[in-house]
Amino acid sequence: MKKWREVGIAVISATAICTSAWAGAGPTEHSHDESFSAGEPGDAKKPARIVQVTMGESDGKMTFTPDKVEVRKDEQIKFVLRNNGELDHEFILATTADNLKHAEAMKKNPDMEHDDPNGTRLAPKKTGEIVWKFTKRGTFEYSCLIPGHREAGMIGTVVVK
């Protein structure tokens with residue numbers, strides 16, 4: 001009887017662990033409610049203007065090149081991203097307020113990784129792409145939310161006219 005009780009406890013524990021892991025984003029993942037402050041995910045099958053953005057570090061600063069992009073409302077952009085740096089970097093596209101809020105969450109969980117339609121994390125010397133449709137006029141930003149990177153200057157601006 002004792003053996004069956006031990007097996008039963010082990011099965012219940014394993015089930016609870018698997019269920020909690022399956023139920024949602026874990027500590028190093030990021031879940032998203034699918035609403036975005038800077039527009040909406042683009043359609044990779046439709047034409048897009050290509051904007052190349054390079055990430056890196058130099059002279060104690062962390063940078064995006066270019067650090068400003070101008071687009072038209074409803075224009076679709078394919079951001080071709082390259083991390084030329086020696087550290088991981090992110091490209092997260094949102095309003096400044098949303099990025100600042102998310103940066104605070106990143107301070108509590110610095111290993112959170114992003115692979116959302118509006119953002120991604122790239123290892124050194126790696127590339128990535130984001131296709132985005134700017135459906136709202138205004139000023140938005142792309143920034144690296146890894147703790148310390150934004151503060152070291154890793155912010156770019158998107159002006160939608």
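Quick look at the values:
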{"read-out": "Test result for residue 94, free of Cβ contacts under 8 Å to residues at least 40 places away in the same chain, under 18 Å from residue 35 (Cβ atoms) and of a type in the set (A, V, I, L, M)", "value": "no"}
{"read-out": "From the options 148, 60, 128, residue that is in contact with a strand residue (DSSP E or B) (Cβ under 7 Å, 6 or more places away or on another chain) and small (Gly, Ala, Ser)", "value": "128"}
{"read-out": "Answer residue from the range 128-152, given it is among the β-branched types (Val, Ile, Thr) and touching a helix residue (DSSP H, G or I) at 6+ places or on another chain (Cβ under 9 Å) and is farthest from residue 58 (Cα to Cα) among those", "value": "139"}
{"read-out": "Total residues in the range 95-111, condition among the polar types (S, T, N, Q) and part of a loop (DSSP other than H, G, I, E, B)", "value": "2"}
{"read-out": "Flag for residue 87 being assigned to a loop (DSSP other than H, G, I, E, B) and within 12 Å of the chain's Cα centre (by Cα)", "value": "no"}
{"read-out": "Any hit, the range 108-122, residues being at pLDDT 95 or above and surrounded by fewer than 16 Cβ atoms within 10 Å (Cβ to Cβ)", "value": "no"}
{"read-out": "Unmet requirement for residue 53, which otherwise passes all of (1) modelled with pLDDT of 95 or more; (2) not in a strand (DSSP E or B)", "value": "(2)"}
{"read-out": "Test: residue 90 is out of contact with any strand residue (DSSP E or B) (no Cβ under 8 Å at 6 or more places or on another chain) and either closer than 24 Å to residue 49 by Cβ or of a type in the set (D, E, K, R) (or both)", "value": "no"}
{"read-out": "Residue within the range 125-142 that is farther than 15 Å from residue 36 by Cα, surrounded by fewer than 17 Cβ atoms within 10 Å (Cβ to Cβ) and at pLDDT below 95 present", "value": "no"}
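The values are calculated or read from the model by the stated rules, or taken from the named source; none is laboratory data. Note that the structure is predicted; figures quoted are calculated from it, not measured. Every residue, glycine among them, receives a Cβ derived from its backbone with ideal geometry; neighbour counts consider all protein chains shown.
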